[in-house]
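What follows is a short report on a single structure.
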Amino acid sequence: MNDKAFIFDLDGVLVFTDRYHYEAWKKVADDKGIYFDEIINNRLRGVSRAESLEIILERYDGMLTESEKAVMMEEKNNIYKELLKQMTEKDVTAQVRETLDYLRNKGFLLAIGSSSKNAGFILEKVGLKDYFDALSDGNNISKSKPDPEVFLKAAELLGKEPKNCIVVEDAYAGIDAAKSGGMTAIGIGDATGYEKADFKISSFEELKEIAESV
């Protein structure tokens, strides 16, 4: 068993569900007459459902009660989960599967660290659930990234010290969370432009080289 572990954000790293989030929030926003576009949607990446709604409501002139907000969030999630049913194993690239196989064969423990409450459902749909030794997600945390809770919980579930955990993230907030939790941070996608990332990769398979050096 390797003494290091990899913790992966889910959306934007292993799978891509941005279009489903956008469609679901767009429907909810349209129903309330709130302007919502893909630029605003990009601000929602890596944050909780409640925080996402508050960002959307910046364009709303009225006042909503907490119960009305809860209804909106539930509506969004129901639409989103229906859209997620379209996902299959084809939504994960061969490169991702091969790299995860490589890391497991090298003895690394693997975990998910995601703010999503639907992480388990997505992993099931795309056939990735059995790759991971722990799942830390929106169902067992109370604070969203950039708070490090989701990654610290993953480390705890794996039985690893934070200093021995390597986080793979595509969002600035995720890199911040990893660093504030005392972990190594690898930026992929949008996060390759963030100077706080310890490593920056343009393709998922580059993790193999990093795994050999850590």
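Per residue of the chain, the DSSP helices (runs of n ≥ 4 H) give a summed -39500 (n - 2.57) that works out to -12500 deg cm²/dmol at 222 nm. In this structure, the amide hydrogen of Val167, modeled 1.01 Å from its nitrogen in the peptide plane, lies closer than 5 angstrom to those of Ile7, Thr184, Ala185, Ile186, counting only residues at least 5 positions away or on a different chain.
For the chain, the longest principal axis of the Cα atoms and the long axis of helix 18-31 meet at an angle of about 10 degrees. Here is the P(r) of region 133-173: all C-alpha pair distances, binned every 10 Å from 0, give 29, 60, 11 in whole percents. Phi-derived couplings, Karplus 6.51 cos²θ - 1.76 cosθ + 1.60 at θ = phi - 60°, listed residue by residue for region 153-159: 5, 4, 4, 4, 5, 7, x Hz, with x used for Gly and Pro. Phi angles of region 90-99 translate, via the Karplus equation with coefficients 6.51, -1.76, 1.60 and θ = phi - 60°, into HN-Hα couplings of 5, 7, 10, 6, 4, 4, 5, 4, 5, 5 Hz per residue; Gly and Pro are given as x. Once Rg and Dmax of the Cα atoms in Å is calculated for the structure shown, the corresponding label among [x] 17.6, 66; [y] 16.1, 49; [z] 17.2, 56 turns out to be [z].
In sequence order, region 119-131 has phi-based couplings of 4, x, 4, 5, 4, 5, 5, 9, x, 10, 4, 6, 6 Hz under the Karplus curve 6.51 cos²θ - 1.76 cosθ + 1.60, θ = phi - 60°, and Gly or Pro positions carry x.
Kindly state, to the nearest 0.05, the FRET efficiency for Lys208 paired with Lys32, given R0 = 35 Å and r defined as their beta-carbon distance. Efficiency, rounded to the nearest 0.05: 0.15. Overall size of region 77-181 from C-alpha positions, given as principal axis extents largest first: 37, 34, 23 Å.
When the Gaussian network model of the chain links Cα atoms closer than 10 Å, the mean-square fluctuations of Asp30, Asp147, Asp198 top out at Asp30. Legend: distances between Cα atoms for Lys145/Lys196; Lys85/Lys129; Lys163/Lys196; Lys90/Lys143; Lys179/Lys200; pairs beyond 21 Å are Lys90/Lys143.
FYI, it's all coordinate maths here, none of it is from the lab. Values in this document were obtained by computation on a predicted structure and should not be read as measured data. Counting neighbours? That spans all protein chains shown, and the Cβs are built from the backbone with ideal geometry, glycine included.
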